[in-house]
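Remarks on the structure that follows.
Quick note: the coordinates plus some simple rules give every number you see, no bench work behind them. Note that the coordinates shown come from a computational prediction; the quantities given were computed from them, not determined experimentally. Cβ placement follows ideal geometry from the backbone for every residue including glycine, while neighbour counts extend to all protein chains displayed.
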Amino acid sequence: MTDPLLTLRPWEAPEVTSWGRLPMNAVDRRSGANSLDGDWRFQLLSAPDAPVGGPWSTASVPGVWTMQTIEGTADLPQYLNVRMPYTEFPPLSPADNPTGVYEREIDVPAEWAGRRIVLQVGAAESVLLVHVDGRPVGISKDSHLAAEFDLSGVVRPGGRSVLRLTVVKWSDASHIEDQDQWWHAGITRSVLLYATDPLRLADVTVRAARDGELRVDCQVRDSGGALPAGWYVSGELDGLPLGQDTEFDLANAEDERVSAFLGEARLRARVPEVRTWTAETPELYDLTVRLHRADGTVTDTSRHRVGFRDVRIVGRDLLVNGERVFIRGVNRHDFHPLTGRTVSYDDMRADLVLLKRFGFNAVRTAHYPNDPTLYDLADEIGFYVVDEADIESHDHAHEIADDPRYLNAFVDRVSRMVLRDKNHPSVIIWSLGNESDYGANHDAAAGWVRRHDPSRPLQYEGAAKRGWADPEVASDIACPMYAPLEDCVAHALSGQQTKPLIQCEYSHAMGNSNGTLADHWAAIEATPGLQGGFIWEFWDHGILQRVNDGRPVGRGGAGLYDNAVAAPGYRWAYGGDFGEKDHDGAFIADGVVFPDRTPKPVMYEHRELSAPVRLHGVRPEGVTVSNHQHFRGLEWLAGEWELSLAHGGTLTASAELPDLRPGGTAVVPLPFALPDDGGEAWLTLRVTTAQDLPWAPRGTRVCTPQVRLRAPVPVEDPVGTGRVEIDADGLLVHPLLTSAPALSLWRAPTDNDELGGMALRWRTWGLDSLVRRLVSVRQEGDGVTVLAEYAGTTGVVRHRQVFTPVEGGIRIDEQAELPAEFDDVARVGSVFETVAGLDGLDWFGQGPWESYPDRSAGAPVGHHHCQVDELFTPYLRPQESGGRHGVRRFTLSAPDATGIAVTLDEPRQVSVTRYRAEDLTAVTHHDELVPRAGCVVHLDAAHRGLGTASCGPDTFPSYLVAPGVHRWSWTLRAL
């Protein structure tokens with residue numbers, strides 16, 4: 001017998017978005033439902049119309065089959081950013097089209113007799129076909145929203161049925177799900193079976209304004225068709241009864257909107273002294289809505305958590321509860337390194353808790369509606385959410401934007417997202433999707449949203465190509481991606497700006513990146529019209545992989561990884577590691593956290609840039625403290641003062657934070673008297689939570705604002721006696737060095753260096769293989785001057801070292817003259833290597849986190865200590881890492897306290913690792929790295945900024961290393 005679902009070939013019919021699927025609504029049926037999660041029988045077919053037969057394997061639901069070790073299944077993850085993984089044009093799919101067939105028995109409770117029985121499939125990628133006992137039930141597309149089907153007519157209460165879910169991987173829908181993430185396939189969210197009374201709440205819409213006005217609109221339907229007479233709804237909010245809106249009922253009757261098919265009712269309440277919801281103050285109320293028959297019997301109940309707040313655009317400002325707020329956002333995928341697209345409650349809570357602790361207040365659900373639980377958590381913990389529809393047609397954007405065959409898909413995906421998520425206070429903006437050009441299909445979807453939900457603004461990045469101020473486009477917000485900062489500032493100052501400018505992506509976190517973040521926020525906070533943006537992105541999408549067979553580890557890998565480095569025998573896989581011939585490599589690893597959720601150094605940068613408490617210039621009467629929040633005071637915070645002395649240690653004292661309203665400032669007395677030692681001194685306020693919060697226990701670090709109390713005074717090293725030993729090549733001989741100080745202009749290219757083209761230019765110049773030639777050695781008293789030339793492919797660098805004995809050691813004064821053609825090099829400085837055993841590093845300077853010239857705001861100046869092996873940051877593709885900016889001096893020591901001490905002439909960029917630059921450049925993964933026994937030390941007179949050129953603007957000119965003469969000096973002593 002021919003299956004009508006297969007005859008239709010819905011995987012190549014963009015006009016067909018569903019068949020037999022129930023309308024989306026905001027009535028949450030998760031509680032009380034029967035879970036069908038667990039092991040299902042499974043077969044992977046070569047195509048959707050291939051016959052089902054042969055032995056069954058077992059697959060876990062929810063889960064993608066690409067991440068599971070399933071007998072007979074060879075379909076693995078594949079990563080592409082823009083290009084589709086096959087050559088067929090929309091709406092076609094390839095002949096080789098993996099199709100998963102999931103099957104299991106379902107027992108329908110006998111007590112469900114007479115009730116409406118519904119199947120909910122949380123998400124399936126990318127086309128879902130549903131059969132019960134061989135009978136076709138329905139079709140659904142959209143890989144990131146639930147699909148519900150009424151099974152009342154095909155299952156028998158008290159009986160058992162066979163449920164089959166067929167998931168087709170490639171389809172016409174794949175062309176509008178062409179997002180920057182791994183390609184997977186399977187059932188990615190929970191499968192539920194639930195029952196309702198035939199008379200039910202079909203939808204509930206909550207409007208809760210900041211003035212305390214509550215409106216609840218209810219739609220009611222009955223499976224028998226006609227609604228019974230006398231039904232009504234009731235509700236309560238935290239025990240406060242809601243009243244019937246009789247004017248609404250009367251208006252419906254007069255307009256003849258009331259019919260036997262659709263019932264509508266409205267409840268209202270005015271909440272006195274309402275506690276408003278914001279990301280800073282996520283105040284929630286419990287709402288219960290009940291549907292009654294005429295005799296008062298409750299047939300259905302819907303529960304919601306309500307936040308009272310308003311979102312408006314006034315002029316060029318986005319306002320929450322009347323206040324202009326900064327959007328400190330991040331883009332987030334549903335991702336986990338063991339389960340792919342399937343994420344648990346604990347996963348999502350951990351994501352948001354971590355973001356909250358590092359100062360983020362907003363999430364863009366890139367590029368599809370996230371798991372429903374995420375929005376519950378965002379309501380509770382406090383995040384502004386840009387909810388984005390599951391639309392990205394990157395490879396065929398221009399063709400699809402105006403293709404009427406895809407019109408229904410655009411409207412369907414956007415409208416279902418709005419219908420599902422409209423009651424969440426955290427959702428403040430709707431997004432029409434991402435990187436899909438701009439066309440009539442977007443306008444159609446926007447029109448639906450504006451009619452259904454005028455309470456929120458709407459945005460779409462693709463409309464930016466028509467101009468940031470164009471009033472005709474379907475975007476209330478100018479939300480470009482990676483726009484140069486100078487263009488953003490110029491637009492805000494032009495007098496032509498008509499919309500808030502909030503970049504949907506503005507800083508790309510691939511590898512060692514996110515340079516100039518502090519510069520961006522300095523401009524945003526100082527420029528009316530700029531309101532922030534969203535960093536790309538939260539996760540490095542590395543998948544934990546077994547090295548021996550190249551397979552994903554899957555669910556069984558919990559506990560195998562720790563601190564961002566996979567356990568021996570495992571590694572973080574990125575594009576190409578699963579045998580994909582066509583892939584985009586490590587571009588998938590572009591998050592602010594590693595795959596195990598370990599924060600990258602940029603997280604500490606962001607924490608300081610978003611600090612709710614700031615310190616400003618020092619006055620005779622004290623230091624200025626300011627509150628940079630929008631809605632609350634400092635009562636939830638505690639503080640401790642810390643004084644860091646260059647010539648001494650660290651002093652601490654308790655701090656009483658002033659009572660400041662949002663935006664307020666106060667001058668507080670200095671907590672310490674400075675010692676009269678003439679040395680550099682820094683005052684730090686360590687701010688922590690004062691009580692337990694949903695996202696942080698008491699004592700959790702919030703920020704560490706800092707001001708300098710006294711600048712350093714240059715100190716000359718007393719000239720000493722002794723002999724400087726130089727070998728025949730003019731290189732310093734020292735008992736604790738295995739490799740003498742030499743000139744270094746090269747760094748292991750970062751992802752930004754490689755993709756931005758700088759690394760290619762450096763290789764062309766020969767900076768990775770400079771040839772040193774000794775020019776002269778001249779003895780001057782006890783000192784020695786060495787002249788050398790370092791020849792590249794196209795230029796020569798003249799390098800001078802002057803070695804002078806000083807008390808207890810040697811001062812090395814260096815000069816490098818770069819030719820004009822070397823107009824942008826990675827670094828200029830010294831590199832040397834030490835003997836083994838010097839494993840402890842102490843330094844005075846910025847830290848403890850990794851920092852670079854254009855990413856150093858998150859590293860306060862002070863005394864720091866750690867083991868050398870802890871200094872290195874294991875970015876997924878090995879590259880330059882582990883640097884510390886603004887170092888004044890440091891010691892490298894063995895357990896017996898022997899070692900070396902280095903004092904620098906001024907704050908410099910320093911790195912101490914186990915790897916030479918060529919070690920990092922030669923490998924593609926960390927499991928290939930072999931640490932050296934000693935330390936590789938770089939002292940840089942100048943170091944190039946990081947920028948974000950892998951996808952976005954490069955660093956600023958002020959952070960480039962220019963040609964010409966560079967001078968630096970340092971003193972080396974034995975401990």
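Backbone amide hydrogens, once placed in the peptide plane, bring residue 22 within less than 5 Å of 148, 149, 150, excluding anything fewer than 5 places away on its chain. Other residues with beta-carbon under 9 Å from the beta-carbon of residue 265 carry, at +1 per Lys or Arg and -1 per Asp or Glu, a net charge of -3. 3J(HN,Hα) couplings calculated from phi for segment 338-345 with the Karplus curve 6.51 cos²θ - 1.76 cosθ + 1.60 (θ = phi - 60°) are, in sequence order, 9, 10, x, 7, 8, 10, 9, 4 Hz; Gly and Pro show x.
Note down the magnitude of the dipole of the chain about its Cα centre, charges +1 on Lys and Arg C-beta and -1 on Asp and Glu C-beta and zero elsewhere, to the nearest 20 debye. Could you put the intermediate results ahead of the total?
Working: 92 positive and 137 negative charges, 209 e Å.
Magnitude of the dipole: close to 1000 debye.
Annotation: extensible slack from residue 761 through residue 821 equals 20.5 nm (criterion: 0.36 nm per residue apart, minus Cα-Cα distance). Were the residues from residue 526 through residue 618 laid out at 0.36 nm apart, the gain over their Cα-Cα distance would be 31.0 nm.
If the label point is 7 Å along Cα→Cβ of residue 250, which residues in segment 210-240 have backbone nitrogen under 13 Å from it? From segment 210-240, the list is empty. In this simple spin-label model, placing a label point 7 Å from the Cα along the Cα-to-Cβ direction at both residue 796 and residue 631 gives a separation of 6.7 nm.
For the pair residue 739 and residue 674, a Förster radius of 45 Å applied to the C-beta separation gives a FRET efficiency near 0.65, rounded to the nearest 0.05.
On C-alpha positions alone, give me the angle between the axis of helix 440-452 and the longest principal axis of the chain, in degrees, nearest 10. Tilt relative to the chain: about 70 degrees.
Placing unit charges on the Cβ atoms of the charged side chains and taking the dipole of segment 585-661 about its Cα centre, the candidate lying farthest along the positive direction among 585, 652, 628 is 585. Residues of segment 489-521 with the amide nitrogen closer than 15 Å to a label point 7 Å from the Cα of residue 317, along Cα-to-Cβ, please. Counting only backbone N, you get 498-501. Treating r as the C-beta distance of residue 261 and residue 451 and R0 as 30 Å, the FRET efficiency rounds to 0.90.
Here the gap between residue 28 and residue 490, fully extended at 0.36 nm per residue and compared with their Cα-Cα distance, gives a gain of 161.7 nm. Look at the dipole of the chain built from charges on Cβ: of 962, 665, 386, the Cα furthest out on the positive end belongs to 665. Distances between placed amide hydrogens fall under 5 Å for residue 589 paired with 541, all partners being 5 or more residues away or on another chain.
My understanding is that a pair violates if its Cα-Cα distance is over 32 Å; which of 422/465; 356/581; 169/600; 141/422 do that in this structure? From the list (422/465; 356/581; 169/600; 141/422), the Cα-Cα distance tops 32 Å for 356/581; 169/600. With R₀ set to 22 Å, the beta-carbon distance separating residue 807 from residue 967 gives a calculated FRET efficiency near 0.45. Cβ distances below 4.7 Å define possible disulfide partners, and in the chain the cysteines left without one are 218, 488, 703, 866, 935, 951.
Under a plain spin-label model, where a point goes 7 Å from the Cα along Cα-to-Cβ, how far apart in nm are residue 775 and residue 656? With each label point 7 Å from Cα toward Cβ, the separation is 6.5 nm. Residues in segment 288-296 carry Karplus couplings, in order, of 10, 10, 10, 10, 10, 7, 4, 7, x Hz; the curve used is 6.51 cos²θ - 1.76 cosθ + 1.60 with θ = phi - 60°, and Gly or Pro positions show x. For the peptides 175-187, 539-551, the ranking by mean Cβ contacts within 10 Å, running from highest to lowest, is 175-187, 539-551.
In the chain, the calculated helix contribution to ellipticity at 222 nm averages -3500 deg cm²/dmol per residue, counting -39,500 (n - 2.57) for every DSSP H run with n ≥ 4.
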